[in-house]
Amino acid sequence: MLARLEGTGRTIYAVGFSPDGRYLSWGQTAVYTSPNRQGPLEHRFDLTQLTHLPGGIADASPVQALERLGTLSLVLEQGGPYKHNARLHVQDGARRLSTIERGQSDGYRHSAYTLTPDGQGVLSGGLNGVLRLYALDSTLRVTLVGHTGEIKAVAVSADGRWALSGANDQTLCLWALPPVLPARPSELKPTLTLFPAQDGEWVAWTPEGPFVASAHGIRLIGASMNQGLDQRATYVSGEQLRERFYRPELIQARLHGEPRTPPQTTVRLHTEP
């Protein structure tokens, strides 16, 4: 062997919120017991201070995926040509309200899923990295697009404002959910994407480009600047992006108040291997 190429991240197997919504939490160790319990919560991120802290949420019960809420419950069933967990039944006591089925065009199986805290929706992730928010009658209401790998874990905050997902693309996505399910299908992008490296460094960014990072986390990110269809894209390092796109105050505003207008330059951010 001449060399070994190894990334700095790991698959996200578990996600959750603190009951007050201040912290999001995740785990990167696989200990599978069920589709919604694939590992322990090992780290947490303070959404108020924008800091990464060791340890999961130990002082209170974390808010994780809900398979039961009152008389409502979600029940998996294998199906389809590959016998995946393709069917998710929505039950109200012994009465079946609907069945949500995934196939080859929408992720093959329900790899992680939860009821929303208000009991009005079902959030499900699939092998294709796309999450879908359904009404209880199985009608698709919102498609959540931001991951590039299989969804491993999902959770919705106790107040129903935020969803959190983790995937084998080694990122977490934080989503601002609509207060009411829209009447027509819509698409949603993540409010914030977080990449935690194994050494404790991290970087988080918005779809428009602004980002925030730990002390040395800026080395984890770069951008491809589109030069046109017939030209090779130009790579720009995180340090080169710092002056214009390092915007913790904008991210704070997105999370806790009215979002400010981001820079208008379009970039495609990606994490470094």
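Output the residue which, of all residues in the range 194-244 that are of a type in the set (S, T, N, Q) and assigned to a loop (DSSP other than H, G, I, E, B), is farthest from ALA167 (Cα to Cα).
Looking at residues that are of a type in the set (S, T, N, Q) and assigned to a loop (DSSP other than H, G, I, E, B), I get GLN231.
From (1) modelled with pLDDT under 95; (2) surrounded by 12 or more Cβ atoms within 10 Å (Cβ to Cβ); (3) polar (S, T, N, Q); (4) touching a Lys or Arg at 6+ places or on another chain (Cβ under 8 Å), pick out the condition that doesn't hold for GLN104.
It is condition (4) that GLN104 fails.
Can you confirm whether THR114 is closer than 25 Å to GLN198 by Cα and either part of a loop (DSSP other than H, G, I, E, B) or at pLDDT 95 or above (or both)?
Against the criterion (closer than 25 Å to GLN198 by Cα and either part of a loop (DSSP other than H, G, I, E, B) or at pLDDT 95 or above (or both)), THR114 does not qualify.
Which residue pairs have Cβ atoms closer than 9 Å, lie 6 or more positions apart in sequence or on different chains, and pair a first residue in the range 46-75 that is on the phi > 0 side of the Ramachandran plot with a second residue that is in a loop (DSSP other than H, G, I, E, B) and open to solvent by less than 60 Å² (accessible area, probe 1.4 Å)?
GLY55/LEU41; GLY55/GLU42; GLY70/GLY119
Any residue in the range 220-233 that is more than 25 Å from LEU131 (Cα to Cα), of a type in the set (Ser, Thr, Tyr) and either loosely packed, with under 15 Cβ neighbours inside 10 Å or out of contact with any helix residue (DSSP H, G or I) (no Cβ under 6 Å at 6 or more places or on another chain) (or both)?
Within the range 220-233, one or more residues are more than 25 Å from LEU131 (Cα to Cα), of a type in the set (Ser, Thr, Tyr) and either loosely packed, with under 15 Cβ neighbours inside 10 Å or out of contact with any helix residue (DSSP H, G or I) (no Cβ under 6 Å at 6 or more places or on another chain) (or both).
Could you look through the range 41-95, keep only residues that are assigned to a strand (DSSP E or B), of a type in the set (S, T, N, Q) and at pLDDT 95 or above, and pick out the one that is nearest to ALA14 (Cα to Cα)?
Here the answer is THR51.
Assess whether LEU172 counts as being over 22 Å from ARG87 (Cβ atoms), hydrophobic (A, V, I, L, M, F, W, C) and open to solvent by less than 30 Å² (accessible area, probe 1.4 Å).
Judged against the criteria, LEU172 is a match.
Against the definition (without any contact (Cβ under 8 Å) to a residue 12 or more places away in the chain, more than 25 Å from TRP202 (Cα to Cα) and surrounded by 11 or more Cβ atoms within 10 Å (Cβ to Cβ)), how does ARG96 come out, yes or no?
Considered against the rule, which asks whether it is without any contact (Cβ under 8 Å) to a residue 12 or more places away in the chain, more than 25 Å from TRP202 (Cα to Cα) and surrounded by 11 or more Cβ atoms within 10 Å (Cβ to Cβ), ARG96 comes out as yes.
The values are calculated or read from the model by the stated rules, or taken from the named source; none is laboratory data. These numbers come from a predicted model, not from an experiment. Here Cβ is always computed from backbone atoms with ideal geometry, including for glycine, and neighbour counts include all displayed protein chains. SASA here: full protein model, heavy atoms, side chains in, ligands and nucleic acids out. Shrake-Rupley method; radii C 1.70, N 1.55, O 1.52, S 1.80 Å.
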